[in-house]
1. In region 24-46, how many are within 12 Å of the ligand (Cβ to nearest atom), more than 18 Å from the chain's Cα centre (by Cα) and of a type in the set (S, T, N, Q)?
2. Residues being over 16 Å from the mean Cα position of the chain (by Cα) and within 16 Å of LEU6 (Cβ to Cβ): count how many of those fall in region 199-209.
3. Of the residues that sit in region 36-46 and are assigned to a helix (DSSP H, G or I) and open to solvent by 70 Å² or more (accessible area, probe 1.4 Å), which one is farthest from ARG160 (Cα to Cα)?
4. Here are some residues: ILE209, ILE191, ILE152, ILE183. Which one is of a type in the set (Val, Ile, Thr) and open to solvent by 80 Å² or more (accessible area, probe 1.4 Å)?
5. Just need a number here: residues in region 135-144 that are over 15 Å from GLY12 (Cβ atoms) and outside any loop (DSSP other than H, G, I, E, B).
6. Can you tell me which of LEU90, LEU68 is surrounded by 15 or more Cβ atoms within 10 Å (Cβ to Cβ) and either farther than 13 Å from ILE34 by Cα or near the ligand (Cβ under 10 Å from one of its atoms) (or both)?
7. Kindly provide the set of residues from region 52-64 that are surrounded by fewer than 19 Cβ atoms within 10 Å (Cβ to Cβ) and modelled with pLDDT of 95 or more, ordered by number.
8. For GLY10, indicate whether it is in contact with a Leu (Cβ under 6 Å, 6 or more places away or on another chain) and either among the aromatic types (Phe, Trp, Tyr) or touching a residue at least 40 places away in the same chain (Cβ under 8 Å) (or both).
Amino acid sequence: MRIILLGPPGAGKGTQSKELAGRLTLPHISTGDILRENVLAQTDLGKKAKDFMDKGELVPDKLVAKMLSERFAQPDIKSGFILDGYPRNLNQAKTLDGILSAKQMPVDLVVYLDTSDEVIIQRLTGRLVCSKCGANFHKTNMPPKIGSICDICAGKLYQRKDDLPETVKKRIEVYKNEASALIKYYKEKNILHTLSADGGANIVLREIIALSQNNS
Ligand code: AMP
């Protein structure tokens, strides 16, 4: 099964993708995660991407396309994948089609997680991420048991630089500029399903699983 989760930052794409990947035994491919790993490791790509990411802007398509092709060259995607954070614009959607059609692996399902601005801002500005295992917490929605320590691995929790209020606003704006063309593109392919992602994560997860079962 090949699934794309679309939606603004803060829609819960990462949370849902991780859960889904576990339940459907599929690899979770997050372009944001791969980029952050590159920034941390100070690779050439990471050095080029860092400034764009810190400002809440998109990393140039060419850089991300190369990174994605390399990821899709790995054997684990043969069983399918959950793609999160890509495509972000029409150009990327077409690049993805090119990569996947060469492998005769068309996308089965695109789920658009529709989310209101208030919910996005509340979720992102309160998000805490574990510096060791990457687990997500939230200052009020899902606080860690002890201070700024990860419940899972005891790593230190931090706030992502791009989750600061001004950058979140910029990210929402960047997303909205590109989203309608992307939604139209997948609607015309008849593979787009829209869900409201304002509610609890468990409800949204159940709905995505039902869609994946109906489309497999
Ligand atoms: P995310 O974790 O998906 O919110 O992504 C964090 C940041 O990584 C974004 O604000 C962009 O700067 C960059 N990024 C992630 N995915 C892409 C993409 N598909 N195209 C361009 N930039 C991306």
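The values are calculated or read from the model by the stated rules, or taken from the named source; none is laboratory data. Treat the numbers as computed from the prediction; the structure is a model and nothing was measured. Positions of Cβ are backbone-derived with ideal geometry, glycine not excepted, and every protein chain shown enters the neighbour counts. The area values use the complete protein model at the heavy-atom level, side chains included, leaving out ligands, DNA and RNA. Shrake-Rupley method; radii C 1.70, N 1.55, O 1.52, S 1.80 Å.
1. 0
2. At the first step, the residues of region 199-209 found to be over 16 Å from the mean Cα position of the chain (by Cα) are 199-200, 202-203, 206-207, 209.
Of the ones still in play, those that are also within 16 Å of LEU6 (Cβ to Cβ) are 207.
Looking only at that region, the number is 1.
3. First, the residues of region 36-46 that are assigned to a helix (DSSP H, G or I): 36-40, 44-46.
In the following step, the residues that additionally are open to solvent by 70 Å² or more (accessible area, probe 1.4 Å) were identified as 37, 40, 44.
Details: GLU37: 13, LEU40: 13, ASP44: 21 Å.
Among those that are assigned to a helix (DSSP H, G or I) and open to solvent by 70 Å² or more (accessible area, probe 1.4 Å), it is ASP44.
4. ILE152
5. 0
6. On the way: LEU90 fails: surrounded by 15 or more Cβ atoms within 10 Å (Cβ to Cβ).
Checking each option against the conditions leaves just LEU68.
7. Of everything in region 52-64, those that are surrounded by fewer than 19 Cβ atoms within 10 Å (Cβ to Cβ) and modelled with pLDDT of 95 or more turn out to be PHE52, PRO60, ASP61, LYS62, LEU63.
8. Working: in contact with a Leu (Cβ under 6 Å, 6 or more places away or on another chain): yes; either among the aromatic types (Phe, Trp, Tyr) or touching a residue at least 40 places away in the same chain (Cβ under 8 Å) (or both): yes.
Taking the combined requirement at face value, the residue satisfies it.
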